[in-house]
Every structure is written in C-alpha cells, then in structure tokens.
Amino acid sequence: MKWEKLFSVLLASLLVLCIQNTYGEISKEDYCDKLWRYDIECAIDYMLSPDELQEISSIAEKLKGSNCKQTAWNVLEWVDKNIKYDYEKSSLPPPEVKISPAGVEVYNQERYIQTPSETALRGKGICTDYTFLIAALLLYNGCDPYVVNMTFEGGAEGHVSAAIEINGTYYFLDQHLPPLDPGSYYGKWLRDGRKIAEAVVYSLKGEDKMDFSVDFQITEKDLAKLEEGMNKIIGDEYGLRRDLRLREKLPVGYSEGKILTLIMENMADYYTPEFRREIAGYIVDKLANEDSLESYRSFKLDVDVSGNNLAVKLYLAR
C-alpha cells in the first residue's frame, strides 16, 4: 500500500521540537543549555555525546552484530526484554516553556527526557527515552540512527521513534520487535486509532530522504522461505528430525505427540525479507517457550497467513 500521500515529510538535519523553539532574545546555545531535558532538538547533542555513549558501552558491546541489521535486531530485542513502559511518567503533563527577557522558565518539569544511561539503569521510560537509548546503542556500534518525531491528526499527543536505514529502506525500531518498514508502521498506528499527520526526521548524516511508500507485502514464496528457515533452526538447534507424516493423528512408530499452535498477531504485515532469518528465530523461540522441544525426536511445521497474522502449527512426536 502506498502511503506517500498520507505523510508530510520534512527533510532536515535538525529534528522538529516537541515544544515551541522561539528563542527570543537568548541564543540557541543558552536555550539548549537550559532545556536539553525538555526539547528533542536540544537533547540530540547531549544524549548522543561521546561521554554518554561511554556510559552505555557495556550494554552496547554485547549487542554488536556482524552488521548493522543484526545490531539493530539485537538492540531492539534487548530493549524489548529489559525496558518497560513508564505509564506513570506518561500520565504527567508535558513540559511547558516560557521565554521572556528575564530568561527561560520550564513548567511541569517532572516529565523530562532521560539520558540513555538513565533509562538503562531505571529499566523504564516513555517514547523519547526509548528512542535515545536505542539511538545511542546503535551509534556506539557504528550504525547511523535516525530519530523520527511524529504528530497525529486530531490533536493527539505526538510520538517519537528511532529508525535505521538498511539497504535503502528505513525501519522503525519502536520499543518492541520486530523492526517495521514505513508502510507497516503507518498501518500499526491506524489500527491503534491514530493517523500520522506529519513525520519529521533527524539524521546525524544531515539531510536524507525517507520514503514512506515502502510497505512490503508477504508472498507465498516469502512464506515458504520463512518456514524453511524455521525448519532449519528446529533441526539444527534442537536436534529434531522433520517428518512430513505428522498430523493430528500420530503415525505408526511414535508413542506420544503434541501440537503447538501460535498466532503471531500482525506478523504477516510486519514481515520483511530483510529480517527473515531473525523473524524465523523469533517465532521458534516463542514455540520453544511453550514446551521443551529437545524432548521430542520429530516435528513438522505449518505456517500460514491469516489476515495480517501468521498462524503457526508445530507437530511434535516422541
């Protein structure tokens, strides 16, 4: 599905502010020195400084992959498992900034932007906190992060997400697995009842183009390759032999069997060939959490598309 008509994308080397950045009679440097905790544009230099990157180095080093695609998956997986959404903080009123000849005043200071190290230490945060932690972990590992600031139609409060470019396509790294291409990301918000009105991009490399028309559609060929990858993981990592005879009724030669079913919500929409291997491992991990796969000797896997979902059925036998 094409989304370019639904987005108004501003290409810029600076991220739009969440609050009004009318500096008045003070310089931008003085403004940011006082407001980097409350203003996204000002926060960039502070949050992604060499000193701050060093603070999260022990985490980042464990997440480095053989390339930025693997690193991005590792980072998002770690954040998904280790950082919780801070609903109490999100319920606080957003900060308000007033500039006068006397200087800058900030009201509602409790809802400030955490540094990446603070978010990692606290284990919780809101969208801005997630974004800068993900961006810092990527940047430490030599990958170029993007910060995307979004507004929604109808006056709903905006949202901020990290993103990364891989082979010419941007993927949103927004708190939870998997990474999403722009079209799938737009559809995710539509299902949540919000339509993105504008997306403004901050790039550490300067101006760049983000194409929101990219929305990969899964095919039968993709489904077969995904299933093939999952078969290989189950065989290699868990030592099971594939037996195509396995069905609801246990074939001759087995004493006991079990069927695991799993509905991966919206995964047919979220699937992209770029992350096929990682998504295959992610789904197998979900199945392994349901039962001890090593205790069986044979398996058969069926993966089908059901609407936006992936329906996974794993036949196991002893």
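Please treat every number below as a calculation from the coordinates, not as lab data. Note that the coordinates shown come from a computational prediction; the quantities given were computed from them, not determined experimentally. Every residue, glycine as well, gets a Cβ built from its backbone with ideal geometry; the counts of neighbours run over all protein chains shown.
Between Ser57 and Tyr85, the C-beta separation translates, for a Förster distance of 25 Å, into a calculated FRET efficiency of about 0.50. For region 220-317, the spherically averaged projection of the C-alpha convex hull amounts to 5.9 nm². Of all lysines in the structure, those lying under 26 Å Cα to Cα from Lys81, and not within fewer than 8 positions of it along the same chain, are Lys62, Lys64, Lys69, Lys89, Lys124, Lys188, Lys232, Lys286, Lys313.
Relative to the current alpha-carbon distance between Val252 and Lys221, full extension at 0.36 nm per residue lengthens the span by 7.9 nm.
With a cut-off of at most 16 other beta carbons within 10 Å, and DSSP calling the residue loop, which GluC sites (Glu not before Pro) in region 155-199 qualify? Please list them.
Numbers: sites: Glu157, Glu165, Glu198; in loops: Glu157.
Filter output for region 155-199: Glu157.
For region 4-203, the Cβ-based charge dipole about the Cα centre amounts to some 660 debye (Lys, Arg positive; Asp, Glu negative; other atoms uncharged).
Think of the chain as having a plus end and a minus end, set by charges on the Cβ of Lys, Arg, Asp and Glu; of Leu53, Leu246, Gly123, Leu246 sits farthest toward the positive end of this dipole. Annotation for region 96-155: GluC sites (Glu not before Pro) lying in DSSP loop with at most 15 further Cβ atoms inside 10 Å of their Cβ are Glu110.
Across region 58-124, C-alpha contacts under 8 Å between residues 6 or more apart give a mean separation that, scaled by the residue count, equals a relative contact order of 26 percent. Rounded to the nearest 20 debye, the dipole size of region 59-126 about its Cα centre is 260 debye, using +1 on the Cβ of Lys and Arg and -1 on the Cβ of Asp and Glu. Full extension of the chain between Ser27 and Lys232 gives 67.9 nm of extra length, using 0.36 nm per residue less the Cα-Cα distance.
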